[in-house]
Amino acid sequence: MSVRLFIEEDRELWDSYVMSSSSSTCYHLIGWKDVIEKSFGHKTYYMLSEGAKNEINGILSLVQIKSLLFGNFMTSLPYFNYGGIIADNDEIRSQLLRDAIQIAEKEGAGHIELRDTCCANNGLPIKTTKVSMRLELPRQSEDLWVSFSSKLRSQVRRPE
C-alpha cells in the first residue's frame, strides 16, 4: 500500500472507486475538487491509497482553509457534512490519516476536521453537534409523489 496525492490522470479511477464504495457519498466525487479550488480558491490535497496492482483502495479529500476568524486548518470537505475517509480497511484508513497529519503539520494547520459519516475508533476527539437526516428514496418518482401528504402535493402543484 502506498499513499500519494491525486494527479489529473487519476480522475476516472477516483470516481470509479467512489461509485463502487458503499460508504461514499456524492461529495467524494472528484468534481468537488474543481468546485472548491475554482469557486473558493482553497488549496486541496486529494489523497489516494493504492494496492499492489495500483488499484485505489482508499481516498481522503483535504481542503486547507485559511480564515481570519477560524485560523489555518484542514477539513475533509468544507461546506458539506459528508466527505471523510473512504478505505477498504482500517490499516488503509490509518495510513491516510497519518499522511493527512503530515500534510497539515507541513502547512501549519492547527487541526484537521474529518467529516466522516461513521465513527472511527482512532482515539481522536469527536464532535457530535451536527445532525444528519436521511430519507431512503423509492426507485420510482411516482412512488415518492404518492408518499407525500395531499396537502404537500397541493403545495407543490400550486406554483407549477
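Here, each number is a calculation from the coordinates, and none is a lab measurement. In this text the structure is predicted, and so the values were computed from the model without any measurement. Methodologically, a virtual Cβ is constructed for each residue, glycine included, from the backbone with ideal geometry; neighbour enumeration extends over all protein chains shown.
Details
- Considering the range 7-35, the residues that are among the β-branched types (V, I, T) and assigned to a helix (DSSP H, G or I) include one that is farthest from the chain's Cα centre (by Cα), namely V35.
- Taken over the range 4-28, the criterion of being of a type in the set (D, E) and touching a residue at least 12 places away in the same chain (Cβ under 8 Å) is satisfied by D10, D15.
- Filter result (farther than 20 Å from K106 by Cα and in a loop (DSSP other than H, G, I, E, B)) within the range 37-77: G51, A52, K53, N54, E55, L69
- Any hit, the range 27-44, residues being over 19 Å from Q102 (Cβ atoms) and among the hydroxyl-bearing types (S, T, Y): yes
- Of everything in the range 82-107 that is among the charged types (D, E, K, R) and either surrounded by 15 or more Cβ atoms within 10 Å (Cβ to Cβ) or farther than 19 Å from A52 by Cα (or both), the residue that is nearest to the chain's Cα centre (by Cα) is R93.
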